[in-house]
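Undergrad: Right, I'll just put the structure down here and ask away after.
The values are calculated or read from the model by the stated rules, or taken from the named source; none is laboratory data. This structure is a prediction, so every number in the text was calculated from the model and none was measured. All Cβ positions, even for glycine, are placed from backbone atoms using ideal geometry, and neighbour counts span all protein chains on display.
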């Protein structure tokens, strides 16, 4: 071999990082994050209540203003409405406030403010979410008048994103929905579920901590009573993350009672299948204009 032949490229140093590799991290003494006890992470973030008109959805949502922890912390309930439903609970819940909307942009402005501005609301009730979706439908159809496919694609995206954003918010959210019966064209099976436009209803249920179906049924004495289906039921969209604690069904339920069971204020072994709550005494409500 000639003495003029170029020398071979020397191999890299043993501890040299490959080209393009991320820089080495400095040594860490202990974890760089702080875990929290599982016992403190069980409070609900979002409920979905499904029911027909006049089933008592607004009253059930309004009862959230009496949740023990919220009251103790000075947190209030705000009902964002679009059907004037709060008139039916005007004498029951003094800590609840309301504001009505008639269009999509007004509603979204309020949601953005609730998510970004400091306030003292511990619970937000959407009465009803399917009506707010109708506002969004009108908005996107006007935005894309010549492209219906695009409009409904954006509507589905909005529906799922707003539900997810509110579920992750620093306050508790109750989504009230009208119910609808969907028939499977292949099997003929009818399922009672969310009344939503498009296919968002097929997956939105994955967001919520609890999905309950509210109905009015005749009681043992022949008088009507409100029955809340909390656990799974054939042909109904329902279920929750506390099936080992919550009863499958509750009669004349309230949101504070559900929270008390989840928190352990009412010991789980003593919870019967059906729980009857007395009707609150009439009191004056303070509303936000």
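Undergrad: Go through region 52-66 and report how many residues are under 20 Å from residue 236 (Cα atoms), touching a helix residue (DSSP H, G or I) at 6+ places or on another chain (Cβ under 8 Å) and surrounded by fewer than 24 Cβ atoms within 10 Å (Cβ to Cβ).
TA: Residues meeting the conditions: 0.
Undergrad: Taking region 72-111 as the region of interest, how many residues are at pLDDT below 95, surrounded by fewer than 19 Cβ atoms within 10 Å (Cβ to Cβ) and in a helix (DSSP H, G or I)?
TA: Count: 3.
Undergrad: Then there's this: Limited to region 163-192, what total is found for residues that are within 20 Å of residue 212 (Cα to Cα) and out of contact with any strand residue (DSSP E or B) (no Cβ under 8 Å at 6 or more places or on another chain)?
TA: 2
Undergrad: Next question, about the same structure. Mind counting the residues in region 112-145 that are touching a helix residue (DSSP H, G or I) at 6+ places or on another chain (Cβ under 8 Å), farther than 22 Å from residue 255 by Cα and not in a loop (DSSP other than H, G, I, E, B)?
TA: 11
Undergrad: Continuing with this model, one more query. Looking for something farther than 16 Å from residue 213 by Cβ, touching a helix residue (DSSP H, G or I) at 6+ places or on another chain (Cβ under 6 Å) and either crowded, with 19+ Cβ neighbours inside 10 Å or at pLDDT 90 or above (or both) - is there at least one such residue anywhere in region 260-275?
TA: no
Undergrad: Name the single residue that is nearest to residue 179 (Cα to Cα) among those in region 138-161 being surrounded by fewer than 18 Cβ atoms within 10 Å (Cβ to Cβ) and under 20 Å from the mean Cα position of the chain (by Cα).
TA: Here the answer is 160.
Undergrad: Mind checking which strands (runs of 3 or more DSSP E) fall wholly inside region 192-271 and carry at least 1 residues that are under 25 Å from residue 122 (Cβ atoms) and without any contact (Cβ under 8 Å) to a residue 40 or more places away in the chain?
TA: Those strands (runs of 3 or more DSSP E) span 249-251.
Undergrad: Check residue 69 against each of (1) buried (at least 18 other Cβ atoms within 10 Å of the Cβ); (2) under 20 Å from the mean Cα position of the chain (by Cα); (3) in contact (Cβ under 8 Å) with a residue 60 or more places away in the chain and name the one condition it does not meet.
TA: Unmet for residue 69, out of (1) buried (at least 18 other Cβ atoms within 10 Å of the Cβ); (2) under 20 Å from the mean Cα position of the chain (by Cα); (3) in contact (Cβ under 8 Å) with a residue 60 or more places away in the chain: (1).
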